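The values are calculated or read from the model by the stated rules, or taken from the named source; none is laboratory data. Here the structure is a predicted model, which means the values were calculated and not measured. Glycine gets a Cβ as well: all are built from the backbone with ideal geometry, and neighbour counts include every protein chain shown. When the accessible area is computed, the model is the full protein with side chains, heavy atoms only, and any ligands, DNA or RNA have been set aside. Shrake-Rupley method; radii C 1.70, N 1.55, O 1.52, S 1.80 Å.
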Amino acid sequence: MTVPGAPLATLREPSPDEASRWHKVRNNPVAVRFKFLLEFLLEEPTIRLVKRTDAATELVADPGGGMTLRLTLREDLIEARVGPYAVEQGGEPLDRDAFLDDVSGLIEVLQLGTGFYVFSEELVGFDPIGACPACGLEVFEWQEECGICDAVLHVPRPGEDEHDSRAQRVVDVLLRREMLELACPRGRKNVERTVASYYAYAGTSIEALLGVLIDLADVAEVYCDEGELGRVLQRVR
Ligand SMILES: [Zn+2]
């Protein structure tokens, strides 16, 4: 859970240590990228401009459900914070998982518009995963297609199908973010097969999958709950 007051996510250019081998700084300056991004965002009926100074531009996005997201665009970074929220009388209680799923869609737009990396404890699916085979642009976990040239990004290897290929990326995220620990590295294939079956057989619940993972001999420990696992399964393409 994010510390109160701390950003839910920060987007910025990665440092040389953080940058993947596919990273290239974009040709147009950040100010130009921000200008196009703002024009695009302000056409959205759910996003409004709150304040604009020389130092920063503040927006509020209201995806519905009573929670808002505040966006602050500064010189060379964007901060996203959970904004003030209200529960309507007789309304459903706030569901943070649903909110995080909603705002993830908006963060995708910010990432595509800037090429920035997303630094967040709670949001998943934004790490670099490779380069577009057609245009070379760096691409991120949530992308199925390149944002610039629309090339399809994931082509399964011979003998594997789309579920196997997606499951490999999911297990990669689970291990990298320490949401899951293997009993031994060789067990990884089994875990991938289990996740692939989740995608292959519609109707399997996330709860059931979590139960199976916990019981697998190849898994030493699972450090995530249903909501967190669900977010990875949904976000990683
Ligand atoms: Zn491309």
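Which lysines, if any, have their Cα less than 28 Å from the Cα of residue 24, not counting same-chain residues under 8 positions apart?
35
So for the pair residue 155, residue 127, with labels modelled 7 Å out along Cα→Cβ, what separation do we get in nm?
Simple spin-label model gives 2.6 nm for this pair.
Using a 10 angstrom cutoff on alpha carbons, build the Gaussian network for the chain and name the most mobile of 15, 120, 165.
Result: 15 has the largest fluctuation of those listed.
Of 214, 78, which has the most accessible area and how do the rest follow, probe 1.4 Å? Mind dumping the intermediate values first?
On the way: 214 100, 78 0 Å².
Greatest to least solvent exposure: 214, 78.
May I ask which residue of 224, 185, 40 lies farthest towards the positive end of the charge dipole of the chain, with charges of +1 (Lys, Arg) and -1 (Asp, Glu) on Cβ and the Cα centre as origin?
Going by the charge dipole, the pick is 40.
Would you work out the charge dipole size for the chain about its Cα centre, treating the Cβ of every Lys and Arg as +1 and the Cβ of every Asp and Glu as -1, and quote it to the nearest 20 debye? Can you show the working numbers first?
Numbers: 25 positive and 42 negative charges, 146 e Å.
My answer is approximately 700 debye.
Quick one: length gained pulling residue 76 to residue 20 fully straight, 0.36 nm per residue minus the C-alpha distance?
Numbers: separation 56, 0.36 × 56 = 20.16 nm, distance 1.91 nm.
Taking 0.36 nm per residue and subtracting the Cα distance, the gain is 18.3 nm.
For the chain, what percent of Cα pairs sit more than 29 Å apart?
Working: 9741 of 27966 pairs.
I get 35 percent for the Cα pairs in the chain exceeding 29 Å.
Just to verify a number: what accessible area does residue 10 come out at with the full protein assembly present, 1.4 Å probe, Å² rounded to tens?
Residue 10 exposes around 30 Å² with every protein chain in place.
Which values of log₁₀ I(q)/I(0), to two decimal places, follow from the Debye formula for region 148-207 at q = 0.14, 0.24 Å⁻¹ with a uniform point scatterer at every Cα?
With one equal scatterer per Cα and no solvent, log10 I(q)/I(0) is -0.46, -1.06.
Largest first, what is the accessible-area ranking of 60, 25, 212 with a 1.4 Å probe? Don't skip to the answer; put the middle values down first.
On the way: 60 20, 25 95, 212 70 Å².
Ranked list, largest accessible area first: 25, 212, 60.
Under 10 Å, Cα contacts only: if you run a Gaussian network model on the chain, which one of 186, 12, 70 comes out with the highest mean-square fluctuation?
Highest fluctuation among the options: 186.
Could you do me a favour and compute the accessible area per residue for region 1-141, 1.4 Å probe, result in Å²?
Working: 7780 Å² over 141 residues.
I get 55 Å² per residue for region 1-141.
List the DSSP H helices in the chain whose Cα atoms stretch 20 Å or more along the helix axis and whose mean Kyte-Doolittle hydropathy is at least 0.0. List each step's numbers first, then the result.
Numbers: long enough: 96-114 (26 Å, 0.44); 162-176 (21 Å, -0.63).
Sorted by number, the helices that extend far enough and score high enough are 96-114.
For residue 175 and residue 46, what does the FRET efficiency come to when R0 = 41 Å and r is the distance between their Cβ atoms, rounded to the nearest 0.05? Present the calculation step by step, with values, prior to reporting the outcome.
Values: r = 35 Å, r/R0 = 0.85.
The calculated FRET efficiency here is 0.70.
Ignoring ligands, DNA and RNA, how do 140, 40 rank by accessible area with a 1.4 Å probe, largest first? Each step should come with its number before you reach the end.
Numbers: 140 10, 40 110 Å².
Largest accessible area first, the list is 40, 140.
Anyone know which of 125, 203, 136 comes out most mobile in the 10 Å Cα GNM of the chain?
203
Can you pull the semi-axes for region 104-152, root of five times each eigenvalue of the Cα gyration tensor, sorted largest first, whole Å? Mind showing how you got there, number by number?
Details: eigenvalues 69, 21, 16 Å².
Equivalent ellipsoid of region 104-152: 19, 10, 9 Å, largest first.
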